[in-house]
Amino acid sequence: MPLPPAPTRRAAQLPPEAFLTHAKPAVDTAVAPRRTSTRKTATPITEPLAVATEATPARPRAALPLDGDAAPANRGRRAAKLAAPTTEQPATVRAPEVQAPVQPTTTPAAAPAPRARKARGTGPAKLFVLDTNVLLHDPSSLFRFEEHDIYLPMIVLEELDAHKKGMTEVARNGRQVSRALDALAAAQGADIGKGLKLDSTGQRGATGSLFFQTAALDYQLPTSLPQGKADNQILGVVEALRKLHTPREVVLVSKDINMRVKARALGLVAEDYQNDKTLEDGDLLYSGSLALPTDFWTKAGKNVESWQSGVHMYYRISGPVVAQLMINQFVYFEAPGEPSLYARVTEIRDKTAVLETLKDYGSSKNTVWGVNTRNREQNFAMNLLMDPDVDFVTLTGTAGTGKTLMALAAGLTQVLDERRYTEIIMTRATVSVGEDIGFLPGTEEEKMGPWMGALDDNLEFLAKGDGGNAGEWGRAATNELIRSRIKIKSMNFMRGRTFLNKYVIIDEAQNLTPKQMKTLVTRAGPGTKIICMGNLAQIDTPYLTEGSSGLTYAVDRFKGWPHSGHILLARGERSRLADFASEVL
């Protein structure tokens, strides 16, 4: 049917489809007079809108892009834009659009805030229940669980309060945890009932929340477990949380092996605290040396550059082996019928590396305080100990590999003969193998005397070798001179000190935590050299393993630094009895 004529000049500017859409339904007589009456008083822009949206008169004006100050020349163009959608969709489809603005008013209230945080992670966020020993072992463990949430039972807070007094490492860690909890609770907008945001104090790596036990939880444990014991109360909390937050995974984190065994026996998920471990396997620890392949010279011989500077030969090599090298790493080539090579990596640039040959301390011409090295690794270690450009040396190995003897011999040579350092400072972790013998009388050095039996044994050997046939008076004078240049210090009084031009030996470093290791190494001032020695198979400190020891931490962090070096001493030289015992016992 033909279209009716346009009633006014303004409406004629609308496209014909606008009238076609409204020609099919019956015209509401109650609406039509009101439309014609408002046409005289309405603004130029809203009048075409009334015609275009006649089927939906309740549509709010604020939802439309109106401009009351628009020029009259633009009215027809803007009305055409608003009417354009009606050409693609029938009028009956436009009805849901009227209800759309009403729907979102209830959506934000129903969507919980944690869901947005979980969507950013790789999986659903877990709820970790921390045991007290985890917090006392690592005070920063609260911020090591990334996007996951943490839950602290009330009994954990009670145990923290019981451990906060004293000057021990455990007491210091307890106080640090308490301060961290207080800072989280005092943050702006913090609500304990809804959980404390772990990133509110600047810890950007932790995006989860911290929850406290604010009410009693209903749980049922076997009658064989005493209800008053703290460990069993924590297990009960984990059991209650597992039922309360199903299907969310609730995990108990504890350093106590028996605690984890009991939890698994009850069907609960339990894990060890892994963030304090530098390495998962001790066999992956950096050894400091690398054996070149047997076909190294045949493949890279044509591309090797060599030159001599002083007493050292230098080789510039290339090939796939360069990707495995680090600065101050030792390489060796041993093959039957071919000359051997023992060198240290001094430079790595692009795809090439420079090797520097070593000084042979196994020769009688190069004795160090009367001591010669007896194997390949000992020679590597002595080159590090005698190099003034290497400020930090770590030595690991089994009992009898010569760690203390070589460190003392190199120290005495550089203090008494070369005058490179003013004195030797020796310390160690005072951790007993068996029962403690109680308080020791005397000064600081006298109290450390029983812990320094290894020092006395090695000094006795070194004094004999250096004195020759000087007689009893000569040996006594040598011992007195040596003793005057060696100071024995306790680790408990190291904080705040600065050592200038000192040769520092840290013995039994495997018993140090990473925090204690940092405290000792940062004491070094200008001209100071630090040597850390230890046997990772003889750790006596509770909760420390080969992967979490401070010695392992230092070796892993310092590898590749141009002023540090590490060597794993593989072969014992104490005696055939000691070597056999270290293998079979």
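The values are calculated or read from the model by the stated rules, or taken from the named source; none is laboratory data. Everything numeric in this text was worked out from a predicted model, so none of it was measured. Cβ atoms come from the backbone with ideal geometry, glycine included; neighbour counts cover every protein chain shown. We work out accessible area using only protein heavy atoms, side chains counted, and drop any ligands, DNA or RNA first. Shrake-Rupley method; radii C 1.70, N 1.55, O 1.52, S 1.80 Å.
Overview of values
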quantity	calculated
Residue, nearest to LEU455 (Cα to Cα), within the range 489-506, restricted to residues that are open to solvent by 10 Å² or more (accessible area, probe 1.4 Å) and of a type in the set (A, V, I, L, M)	MET491
Residue in the range 201-230 that is surrounded by the most Cβ atoms within 10 Å (Cβ to Cβ), counting only those that are of a type outside the set (A, V, I, L, M, F, W, C) and touching a residue at least 60 places away in the same chain (Cβ under 8 Å)	GLY208
When residues of the range 107-154 are limited to those that are touching a Lys or Arg at 6+ places or on another chain (Cβ under 8 Å) and among the aliphatic types (A, V, I, L, M), the one modelled with the lowest pLDDT	ALA125
Selection from the range 390-412 of residues that are of a type in the set (A, V, I, L, M, F, W, C) and either within 26 Å of the chain's Cα centre (by Cα) or surrounded by fewer than 20 Cβ atoms within 10 Å (Cβ to Cβ) (or both)	VAL390, PHE392, VAL393, LEU395, ALA399
In the range 132-146, residue farthest from SER254 (Cα to Cα) [restricted to those that are touching a Ser or Thr at 6+ places or on another chain (Cβ under 8 Å) and crowded, with 19+ Cβ neighbours inside 10 Å]	LEU135
Sole exception among (1) surrounded by 19 or more Cβ atoms within 10 Å (Cβ to Cβ); (2) touching a strand residue (DSSP E or B) at 6+ places or on another chain (Cβ under 7 Å) for GLY550, by number	(2)
Residues satisfying the stated conditions in the range 280-315, i.e. out of contact with any Lys or Arg (no Cβ under 8 Å at 6 or more places or on another chain) and acidic (Asp, Glu)	GLU280, ASP281, ASP283, ASP295
Residues of the range 324-334 classified as touching a Ser or Thr at 6+ places or on another chain (Cβ under 8 Å), of a type in the set (A, V, I, L, M, F, W, C) and open to solvent by less than 30 Å² (accessible area, probe 1.4 Å), total	3
Members of the range 364-388 found to be of a type in the set (A, V, I, L, M, F, W, C) and modelled with pLDDT of 95 or more, listed by number	PHE380, ALA381, MET382, LEU384, LEU385, MET386
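Results for (1) over 26 Å from the mean Cα position of the chain (by Cα); (2) in contact (Cβ under 8 Å) with a residue 40 or more places away in the chain; (3) open to solvent by 60 Å² or more (accessible area, probe 1.4 Å), shown as yes or no for each residue.
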position: THR519; (1), (2), (3): no, no, no
position: ARG523; (1), (2), (3): no, no, no
position: LYS529; (1), (2), (3): yes, yes, no
position: TYR543; (1), (2), (3): no, yes, yes
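Every residue, every condition in (1) open to solvent by 20 Å² or more (accessible area, probe 1.4 Å); (2) under 25 Å from GLU418 (Cβ atoms); (3) in contact with a Lys or Arg (Cβ under 7 Å, 6 or more places away or on another chain); (4) assigned to a loop (DSSP other than H, G, I, E, B), yes or no:
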{"position": "ILE317", "(1), (2), (3), (4)": "no, no, no, no"}
{"position": "VAL322", "(1), (2), (3), (4)": "no, no, yes, no"}
{"position": "PRO336", "(1), (2), (3), (4)": "yes, no, no, yes"}
{"position": "GLU347", "(1), (2), (3), (4)": "yes, no, no, no"}
{"position": "VAL354", "(1), (2), (3), (4)": "no, no, yes, no"}
{"position": "THR373", "(1), (2), (3), (4)": "no, yes, no, yes"}
{"position": "MET382", "(1), (2), (3), (4)": "no, yes, no, no"}
{"position": "PRO388", "(1), (2), (3), (4)": "yes, yes, yes, yes"}
